[in-house]
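Student: A single structure is presented below for examination.
The values are calculated or read from the model by the stated rules, or taken from the named source; none is laboratory data. These numbers come from a predicted model, not from an experiment. Here Cβ is always computed from backbone atoms with ideal geometry, including for glycine, and neighbour counts include all displayed protein chains. Side chains are part of the model used for accessible areas, which takes the heavy atoms of the whole protein and leaves out ligands, DNA and RNA. Shrake-Rupley method; radii C 1.70, N 1.55, O 1.52, S 1.80 Å.
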Amino acid sequence: PRDGDTNFTALARRTLDDLLARHPEAATALGEHRHDARLGDQSADALADEAEWAGRQARAVDRLDPDVLTAAQRADAAILRNALELRRFEIEELRAHEWDPLLANPGTAVYVLLARNFAPLGDRLRSVAGRLADAPQRLATARGSLQDMPRVHVETAIGQFTGTRTLLATELERALGREPGLRAEVEPAREAALEAIDEHIDWLRSRLD
(Lines give C-alpha, C1' and ligand atoms only; values in the text may rest on other atoms or scores of the structure.)
Protein backbone atom coordinates (compact mmCIF):
# COMPACT_ATOMS: atom_id res chain seq x y z
CA PRO A 1 0.00 0.00 0.00
CA ARG A 2 0.99 3.61 -0.47
CA ASP A 3 2.18 5.61 2.55
CA GLY A 4 -1.11 7.51 2.68
CA ASP A 5 -3.05 4.28 2.79
CA THR A 6 -0.95 3.00 5.67
CA ASN A 7 -1.14 6.28 7.59
CA PHE A 8 -4.91 6.49 7.30
CA THR A 9 -5.46 2.85 8.23
CA ALA A 10 -3.22 3.17 11.28
CA LEU A 11 -4.85 6.42 12.37
CA ALA A 12 -8.36 5.06 11.92
CA ARG A 13 -7.57 1.84 13.80
CA ARG A 14 -5.90 3.71 16.65
CA THR A 15 -8.79 6.15 16.91
CA LEU A 16 -11.41 3.40 16.94
CA ASP A 17 -9.48 1.41 19.54
CA ASP A 18 -9.25 4.49 21.77
CA LEU A 19 -12.92 5.31 21.31
CA LEU A 20 -14.06 1.80 22.24
CA ALA A 21 -11.77 1.80 25.27
CA ARG A 22 -13.45 5.01 26.42
CA HIS A 23 -16.93 3.53 25.80
CA PRO A 24 -16.80 -0.13 26.91
CA GLU A 25 -20.58 -0.55 26.81
CA ALA A 26 -20.66 0.45 23.15
CA ALA A 27 -17.68 -1.80 22.50
CA THR A 28 -19.56 -4.80 23.90
CA ALA A 29 -22.58 -4.03 21.76
CA LEU A 30 -20.34 -3.89 18.68
CA GLY A 31 -18.66 -7.22 19.46
CA GLU A 32 -15.41 -5.88 20.94
CA HIS A 33 -15.04 -7.70 24.26
CA ARG A 34 -11.71 -6.50 25.64
CA HIS A 35 -13.52 -4.00 27.88
CA ASP A 36 -16.47 -6.09 29.03
CA ALA A 37 -15.55 -6.00 32.72
CA ARG A 38 -15.88 -2.27 33.27
CA LEU A 39 -18.13 0.74 32.77
CA GLY A 40 -17.11 3.91 31.00
CA ASP A 41 -15.83 6.81 33.07
CA GLN A 42 -18.38 9.66 33.02
CA SER A 43 -16.50 11.96 35.39
CA ALA A 44 -15.81 15.57 34.45
CA ASP A 45 -12.08 14.88 34.14
CA ALA A 46 -12.63 11.88 31.85
CA LEU A 47 -15.04 13.81 29.64
CA ALA A 48 -12.69 16.79 29.38
CA ASP A 49 -9.87 14.43 28.43
CA GLU A 50 -12.07 12.79 25.80
CA ALA A 51 -13.06 16.13 24.29
CA GLU A 52 -9.39 17.12 24.04
CA TRP A 53 -8.55 13.72 22.53
CA ALA A 54 -11.36 14.01 19.97
CA GLY A 55 -10.10 17.42 18.86
CA ARG A 56 -6.55 16.13 18.62
CA GLN A 57 -7.60 13.13 16.52
CA ALA A 58 -9.70 15.34 14.25
CA ARG A 59 -6.67 17.52 13.61
CA ALA A 60 -4.66 14.39 12.78
CA VAL A 61 -7.27 13.49 10.17
CA ASP A 62 -6.98 17.00 8.72
CA ARG A 63 -3.25 16.50 8.28
CA LEU A 64 -3.74 13.50 5.99
CA ASP A 65 -2.85 14.18 2.35
CA PRO A 66 -6.09 13.61 0.40
CA ASP A 67 -4.12 13.17 -2.83
CA VAL A 68 -2.68 9.84 -1.67
CA LEU A 69 -6.00 8.46 -0.40
CA THR A 70 -8.52 6.54 -2.46
CA ALA A 71 -12.00 7.96 -2.90
CA ALA A 72 -13.33 5.46 -0.36
CA GLN A 73 -10.65 6.46 2.15
CA ARG A 74 -11.41 10.15 1.69
CA ALA A 75 -15.04 9.40 2.45
CA ASP A 76 -14.06 7.33 5.49
CA ALA A 77 -11.76 10.10 6.69
CA ALA A 78 -14.61 12.62 6.45
CA ILE A 79 -16.92 10.29 8.38
CA LEU A 80 -14.26 9.77 11.04
CA ARG A 81 -13.61 13.48 11.41
CA ASN A 82 -17.33 14.25 11.66
CA ALA A 83 -17.76 11.59 14.34
CA LEU A 84 -14.88 13.05 16.36
CA GLU A 85 -16.24 16.59 16.07
CA LEU A 86 -19.69 15.34 17.04
CA ARG A 87 -18.31 13.70 20.16
CA ARG A 88 -16.46 16.86 21.12
CA PHE A 89 -19.65 18.90 20.56
CA GLU A 90 -21.66 16.46 22.68
CA ILE A 91 -19.27 16.83 25.59
CA GLU A 92 -18.54 20.55 25.42
CA GLU A 93 -21.85 21.95 24.16
CA LEU A 94 -24.71 19.50 24.72
CA ARG A 95 -23.31 18.44 28.12
CA ALA A 96 -25.95 15.73 28.57
CA HIS A 97 -24.11 14.41 31.63
CA GLU A 98 -25.35 17.54 33.43
CA TRP A 99 -29.06 17.10 32.65
CA ASP A 100 -29.80 13.53 31.50
CA PRO A 101 -29.95 11.04 34.39
CA LEU A 102 -30.52 8.15 31.99
CA LEU A 103 -26.85 8.13 30.96
CA ALA A 104 -25.70 6.71 34.30
CA ASN A 105 -27.91 3.61 34.27
CA PRO A 106 -25.73 0.46 34.09
CA GLY A 107 -28.67 -1.78 33.19
CA THR A 108 -28.04 -2.14 29.47
CA ALA A 109 -24.32 -2.71 30.09
CA VAL A 110 -25.21 -5.69 32.29
CA TYR A 111 -28.11 -6.97 30.20
CA VAL A 112 -26.09 -7.30 27.00
CA LEU A 113 -23.59 -9.52 28.83
CA LEU A 114 -26.36 -11.79 30.09
CA ALA A 115 -28.44 -11.89 26.91
CA ARG A 116 -25.78 -12.44 24.23
CA ASN A 117 -24.19 -15.87 24.13
CA PHE A 118 -20.83 -14.71 22.72
CA ALA A 119 -18.72 -16.40 25.42
CA PRO A 120 -19.14 -19.02 28.17
CA LEU A 121 -21.58 -17.87 30.82
CA GLY A 122 -18.88 -17.95 33.49
CA ASP A 123 -16.75 -15.47 31.57
CA ARG A 124 -19.72 -13.19 31.04
CA LEU A 125 -20.67 -13.33 34.72
CA ARG A 126 -17.15 -12.28 35.69
CA SER A 127 -17.55 -9.30 33.38
CA VAL A 128 -20.93 -8.56 34.96
CA ALA A 129 -19.24 -8.54 38.36
CA GLY A 130 -16.68 -6.04 37.09
CA ARG A 131 -19.33 -3.71 35.76
CA LEU A 132 -21.42 -3.96 38.90
CA ALA A 133 -18.34 -3.13 40.96
CA ASP A 134 -18.05 0.10 38.95
CA ALA A 135 -21.74 1.01 39.38
CA PRO A 136 -21.59 2.73 42.81
CA GLN A 137 -18.87 5.13 41.64
CA ARG A 138 -20.69 5.82 38.38
CA LEU A 139 -23.87 6.73 40.26
CA ALA A 140 -21.98 8.90 42.74
CA THR A 141 -20.31 10.67 39.81
CA ALA A 142 -23.71 11.27 38.21
CA ARG A 143 -25.11 12.82 41.37
CA GLY A 144 -22.15 15.18 41.43
CA SER A 145 -22.61 16.17 37.77
CA LEU A 146 -26.38 16.37 37.30
CA GLN A 147 -27.90 19.80 37.74
CA ASP A 148 -31.21 21.02 36.30
CA MET A 149 -32.95 17.93 34.93
CA PRO A 150 -36.24 17.93 32.99
CA ARG A 151 -38.92 16.33 35.10
CA VAL A 152 -39.75 13.79 32.40
CA HIS A 153 -36.13 12.64 32.36
CA VAL A 154 -36.13 12.17 36.13
CA GLU A 155 -39.40 10.23 36.07
CA THR A 156 -38.16 8.05 33.21
CA ALA A 157 -34.86 7.43 34.99
CA ILE A 158 -36.63 6.32 38.16
CA GLY A 159 -38.57 3.76 36.12
CA GLN A 160 -35.47 2.56 34.28
CA PHE A 161 -33.34 2.25 37.40
CA THR A 162 -36.15 0.28 38.99
CA GLY A 163 -36.02 -1.98 35.94
CA THR A 164 -32.28 -2.41 36.38
CA ARG A 165 -32.86 -3.42 39.97
CA THR A 166 -35.32 -6.06 38.78
CA LEU A 167 -32.80 -7.28 36.20
CA LEU A 168 -30.22 -7.87 38.92
CA ALA A 169 -32.75 -9.69 41.08
CA THR A 170 -34.15 -11.93 38.32
CA GLU A 171 -32.06 -12.42 35.17
CA LEU A 172 -28.76 -12.29 37.02
CA GLU A 173 -30.12 -14.65 39.67
CA ARG A 174 -31.12 -17.14 36.97
CA ALA A 175 -27.67 -16.93 35.43
CA LEU A 176 -26.06 -17.56 38.81
CA GLY A 177 -28.31 -20.57 39.23
CA ARG A 178 -26.60 -22.04 36.17
CA GLU A 179 -23.12 -21.11 37.45
CA PRO A 180 -23.38 -21.43 41.25
CA GLY A 181 -19.62 -21.60 41.64
CA LEU A 182 -19.40 -17.91 40.68
CA ARG A 183 -21.91 -16.71 43.26
CA ALA A 184 -19.21 -15.79 45.78
CA GLU A 185 -17.48 -13.69 43.13
CA VAL A 186 -20.57 -11.94 41.79
CA GLU A 187 -22.74 -11.56 44.89
CA PRO A 188 -20.72 -8.85 46.70
CA ALA A 189 -20.70 -6.66 43.58
CA ARG A 190 -24.41 -7.24 43.04
CA GLU A 191 -25.28 -6.32 46.63
CA ALA A 192 -23.19 -3.16 46.48
CA ALA A 193 -24.76 -2.22 43.16
CA LEU A 194 -28.28 -2.81 44.46
CA GLU A 195 -27.58 -0.63 47.48
CA ALA A 196 -26.16 2.10 45.23
CA ILE A 197 -29.15 1.89 42.88
CA ASP A 198 -31.59 2.22 45.79
CA GLU A 199 -29.69 5.26 47.02
CA HIS A 200 -29.74 6.75 43.54
CA ILE A 201 -33.47 6.15 43.06
CA ASP A 202 -34.14 7.90 46.38
CA TRP A 203 -31.97 10.80 45.24
CA LEU A 204 -33.83 11.05 41.93
CA ARG A 205 -37.16 11.07 43.75
CA SER A 206 -35.92 13.88 45.96
CA ARG A 207 -35.07 15.89 42.84
CA LEU A 208 -38.65 15.77 41.57
CA ASP A 209 -39.44 18.60 43.98
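Student: With the contact rule set at Cα under 8 Å and sequence spacing of 6 or more, what percent relative contact order holds for the stretch 23-171? Mind showing how you got there, number by number?
Tutor: Details: 136 pairs, mean separation 46.8, N = 149.
After rounding, I find 31 percent.
Student: Shifting gears a bit: For Ala58, what charge total do you get from the other residues with a beta carbon under 9 Å from its beta carbon, if Lys and Arg give +1 and Asp and Glu give -1? Provide the component values of the computation, followed by the final result.
Tutor: On the way: positive: Arg56, Arg59, Arg81, Arg88; negative: Asp62, Glu85.
With Lys, Arg at +1 and Asp, Glu at -1, the neighbours total +2.
Student: I would also like to ask the following. To the nearest 10 degrees, how steep is helix 121-145 against the longest Cα principal axis of the chain, on a 0 to 90 scale?
Tutor: 90
Student: How large is the dipole of the chain about the Cα centre if only Lys and Arg carry +1 and Asp and Glu carry -1, each at its Cβ, rounded to the nearest 20 debye?
Tutor: Details: 28 positive and 37 negative charges, 95 e Å.
Approximately 460 debye in magnitude.
Student: With Cβ to Cβ distances under 14 Å as the rule, what net charge do the other residues near Phe118 carry (K, R +1; D, E -1)?
Tutor: Working: positive: Arg34, Arg116, Arg124, Arg126; negative: Glu32, Asp36, Asp123.
Combined, the nearby Lys, Arg, Asp and Glu give +1.
Student: Moving to a separate point now. Could you work out the equivalent-ellipsoid semi-axes for the stretch 41-118, taking the square root of 5 times each eigenvalue of the Cα gyration tensor, largest first, in whole Å? Display every interim value, and only then the final one.
Tutor: On the way: eigenvalues 183, 75, 19 Å².
After diagonalising the Cα gyration tensor, the semi-axes are 30, 19, 10 Å.
Student: Helix 44-62 sits at what angle to the longest principal axis of the chain, using alpha carbons and giving 0 to 90 degrees rounded to 10?
Tutor: The two axes meet at around 20 degrees.
Student: A further question on this structure: On a 0 to 90° scale, report how tilted helix 183-207 is relative to the longest principal axis of the chain, with both axes built from alpha carbons and the result rounded to the nearest 10.
Tutor: 90
Student: Just the number: Rg to Rh for the chain, Cα atoms, Kirkwood Rh, two decimals. Could the numbers behind the result be given before it?
Tutor: Working: Rg = 19.8 Å, Rh = 18.9 Å.
Here Rg/Rh amounts to 1.05.
Student: I'd like the accessible area for Ser145: 1.4 Å probe, protein heavy atoms, all chains in place, Å² to the nearest 10.
Tutor: My reading of the accessible area for Ser145 is about 20 Å².
Student: How large is ³J(HN,Hα) for each residue in the stretch 20-26, as worked out from phi by the Karplus curve 6.51 cos²θ - 1.76 cosθ + 1.60 (θ = phi - 60°), to whole Hz, x for Gly and Pro?
Tutor: Couplings: 5, 5, 6, 10, x, 5, 5 Hz.
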